Each structure stands twice: as structure tokens, then as C-alpha cells.
1. PRE reach from Lys101 (point 7 Å along Cα→Cβ): which of region 285-320 fall under 18 Å by backbone N?
2. Rounded to the nearest 0.05, what FRET efficiency do Lys208 and Asn401 give with R0 = 30 Å and r taken as the Cβ-Cβ distance? Could you check?
3. Using a simple charge model, +1 on the beta-carbon of Lys and Arg, -1 on the beta-carbon of Asp and Glu, nothing else, what dipole does the chain show about its Cα centre, in debye to the nearest 20?
4. With the contact rule set at Cα under 8 Å and sequence spacing of 6 or more, what percent relative contact order holds for the chain?
5. For Ile52, which sequence-distant residues (separation of 5 or more, or a different chain) have an amide H within less than 5 Å of its own amide H, given hydrogens modelled in the peptide plane?
6. Restricting attention to region 211-275, which GluC sites (Glu not before Pro) occupy a DSSP loop and are surrounded by at most 16 other Cβ atoms within 10 Å?
7. Would you kindly state how much longer the chain becomes between Trp256 and Glu307 on full extension, computed as 0.36 nm times their sequence separation minus their alpha carbon distance, in nm to one decimal?
8. I need the calculated FRET efficiency for the pair Lys394 and Asn289, taking r as the beta carbon distance and R₀ as 30 Å, to the nearest 0.05.
Amino acid sequence: MTYEINETHDINLKSWVESANDPNTDFPIQNLPFCIFYNNEKHEQIHIGVLIGDFVLDLDACYDKDFFDETYKEFLGNKRLWSCLDGLMDFTLEKRFELRKRTQQLLSESFTEKEELENFLHKRADCVFEDNPAVIGDYTDFYASVFHATNVGAMFRPDNPLLPNYKWVPIGYHGRASSIVVSGTEIKRPKGQNRADAEQPPVYIPCKNFDYEMEVGFFVGKGNQMGETIPIENAEEHIFGLCLVNDWSARDIQAWEYQPLGPFLAKNFATTISPFVVTMEALAPFRTNAFVRDEGDPQPLPHLYSEQNQRQGGFDINLEVYLQTKKMREEGEAPFLLSKSNTKDLYWTFAQMLTHHASNGCNLQTGDLMASGTVSGREKNERGCLLELTWRGKEPIELPNGETRRFLEDYDEIIMKGYCEREGFRRIGFGECRGMILPAD
């Protein structure tokens with residue numbers, strides 16, 4: 001099944017919240033991503049909200065004041081589900097559509113009770129967003145960009161850059177859920193073992209080759225029982241929505257530890273996510289075909305293949321990464337655009353990643369986070385991390401102010417953005433995923 005384009009995507013829909021009608025906003029009435037927030041000035045409890053223009057609408061307050069009538073309350077169930085997004089993520093598709101439709105009605109310019117509803121709007125700038133919009137029990141990071149995998153492989157295995165299993169199986173590893181943090185959290189430079197000199201024993205020092213990875217994550221909605229699989233035809237019914245992900249990486253630690261078992265301490269010290277979950281319903285107009293494989297590449301095995309997924313399993317999401325150094329901030333200079341990429345270039349779809357994850361009977365749970373791995377394209381300016389952009393530090397990036405970067409330095413800030421555009425539909429966005437590097441202790 002796929003999420004259909006319907007009346008909630010109408011380009012002519014406008015909101016009584018004027019900032020939502022700005023053509024450049026990430027959050028028009030056609031988007032309505034979810035978040036967990038509280039108003040920092042009012043010291044309120046944590047609530048569920050949706051983004052609308054420059055504001056957050058408090059859905060808990062709307063529920064309490066009966067803006068969801070009995071018909072909708074029957075769908076929404078007991079309000080205890082609203083303590084985090086996990087309860088909503090476990091909704092059936094029908095319930096989720098009803099909630100989206102009703103929320104859109106409340107925010108539509110034709111709504112007649114907007115004076116009372118205005119009391120439940122909070123300026124986004126006054127809000128604090130929780131580290132995790134869901135209770136993330138598990139986190140898995142994939143390696144789904146064939147361009148990223150080929151580039152990295154070429155650095156370490158020039159004669160055999162892409163291992164033979166890559167085009168048969170979505171490669172991934174289990175990350176650390178406890179160190180997932182929300183956009184804006186400062187990241188301390190990690191320490192670890194470094195063996196830059198192969199003639200000497202390793203040393204325990206602060207990471208020298210600190211990097212980011214531009215990724216897109218998705219949250220599991222309805223889970224599966226242990227021992228059960230999730231057919232590819234049903235996979236998207238188990239995906240609630242998407243967010244931006246920065247998988248911070250300590251490349252020098254990674255180079256020493258990754259053989260034979262793969263990423264560990266080089267990855268698990270911090271992962272930053274954007275605080276807003278863009279739903280699958282909102283993304284319906286921005287679907288595209290799965291990656292077109294080169295002639296001679298194998299087709300996915302039957303359990304990872306469906307005609308529907310091949311036609312519409314991809315997402316057309318534009319991704320941008322910016323760098324702002326300490327010197328740039330002090331001199332009032334805007335962040336520098338490092339790269340642009342697009343999720344259309346992922347070799348494996350999100351549905352294939354999820355189906356593969358459960359294909360051995362692994363029990364996925366509501367709120368689990370899965371990430372795409374670095375999203376890179378064919379061209380150099382489409383590479384989604386500094387490891388690729390500087391080719392392992394051998395080709396430093398020259399910034400407009402005269403600074404250079406091979407890898408990230410202390411007090412550098414990485415800012416990631418994502419948005420979707422298509423003629424005939426409103427542009428929608430993901431907000432920002434940002435983090436600044438602090439020195440190691």
C-alpha cells in the first residue's frame with residue numbers, strides 16, 4: 001500500500017495562521033508535522049503539537065477543549081496516549097488520516113472559532129522541543145547510498161570498493177538509542193583509541209577526524225511480534241514519519257575499531273535528530289520510483305521486491321548541509337553551504353530497509369528509529385559527509401573567509417535542512433537539524 005494524494009494536499013488550502021501561507025515556510029497547512037514541546041516562558045507541561053507556520057498548535061489543549069468532537073475522540077482514544085508520539089504512531093492509517101483531516105480543518109482559513117483556538121498557539125521561538133519525539137527503544141542505521149558506499153570503499157579498498165553483498169542486502173548496524181539528542185544540543189568531541197601510526201601502539205586521545213553524516217530517519221509506527229516478518233507490500237503501513245538525522249562520526253576511531261565487527265564507539269557517542277516528524281501522509285505528493293539500478297545489477301530478492309515499491313517507494317527530499325565556524329559567527333557571516341543531495345539516490349527504499357530488518361523475525365517496536373545512512377549523490381558537491389568531500393582529508397575545503405576544513409574543529413556548527421518541492425503542490429520542509437562541537441574534556 002502507499003499513501004495517496006488527497007484533499008489535504010490541495011495547493012489552494014490556506015490557514016488563518018498567516019505565517020503558514022508564506023511560500024517559503026517549511027510548515028504550511030499541507031504539512032503539519034508532529035512534535036513534543038513545552039512553552040519555555042509559561043513553564044507548561046510537555047504537550048503534543050503540530051507545526052503551522054511560525055507557531056506550534058497544542059493538540060492536547062484542543063482535545064481538552066473539545067475541538068475534537070466525540071467522533072474524533074472515539075478515534076483518538078484515551079488521552080493517556082498523548083504523553084508522547086508513540087501513542088499516535090501506533091494508530092491505524094484510518095485514525096491517522098482522521099486526525100490529520102480534523103487538525104487541518106481547525107487551522108483552515110474557513111474555521112469559525114479561531115479566536116478561541118488562538119489561545120492554543122505558541123510561538124515556535126518560545127518552545128523547547130524534547131530530545132526524542134518518541135520513546136526510542138532501538139536505533140538502527142543503514143548504509144543505503146551506493147554512491148557513499150562506493151566512495152568510502154574506494155578510499156580503503158581501491159581495487160574492490162563495493163563489497164559483493166551490498167547490492168543484495170540493505171547493510172545496517174544497531175546504534176545507540178540513549179545518545180540520540182534533539183537539534184541544538186551541543187556535542188562534546190569524543191575520545192577514543194587512535195592508531196594513526198601503524199608502527200606504534202594505539203593511543204587514547206580526543207578524536208582528530210570529527211565528521212557529520214547527512215541522513216534521513218524514519219520512525220516505526222505499528223510494530224510486529226517476535227518471530228513475525230513484515231511483507232514488503234505492507235511495510236509502509238509500519239512507517240509513521242520521517243526526520244533529519246546527523247550521525248556524528250569519529251573517523252580516526254572508526255578506522256581503528258571497525259574491523260571485524262563494524263561501527264561502535266566511533267558512532268555511539270551522539271546522534272542528532274530534527275524535532276519535527278513529517279508524516280507519511282504529508283509526503284504523499286513527493287514520492288518517486290525506487291533507485292534505477294545499473295544494467296547487470298541484481299534485482300532485489302523476492303521478499304524485498306514489489307511492483308508498487310519499484311514504482312513509488314522512493315522519496316524526493318532535497319537535503320542541504322551548512323557549516324558555520326566560530327570565526328564566521330564572530331564576524332557575522334552566514335553559514336557556508338557544503339553540499340546538496342537527495343534521497344532519490346538511495347539504493348534501497350525505506351520500505352525495503354524495514355522489511356529487511358524484520359525478515360528474520362526481529363520484533364520492531366513503535367517509536368523505533370531507523371536511518372538511511374549518509375545520503376550522497378554522483379557529483380562531488382552531493383557528498384553527504386566530510387570524509388567524502390575532502391577525500392579522507394586529502395582535499396581540504398576552502399571557506400570564503402580563508403579558513404579551510406578537512407574535518408570539523410571545535411566550535412564548528414553543522415546545520416542540516418530538508419525540503420520537498422513539486423509543481424502543483426505546496427513546498428513542505430523538515431526544519432533544521434543542527435549541532436555545535438565542544439572541546440573534549
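1. In region 285-320, the label zone of Lys101 (backbone N under 18 Å from the point 7 Å along Cα→Cβ) covers 285.
2. 0.85
3. On the way: 45 positive and 70 negative charges, 220 e Å.
Value, rounded to 20: 1060 debye.
4. 22 percent.
5. Leu57
6. Filter output for region 211-275: Glu228.
7. 14.2 nm is the gain from fully extending Trp256 to Glu307.
8. 0.25
No value in this document is a laboratory result; all are computed from the given coordinates. All of these numbers come straight from a predicted model, not from anything done at the bench. Cβ coordinates were reconstructed from backbone atoms using ideal geometry, including for glycine residues, and neighbour counts include every protein chain displayed.
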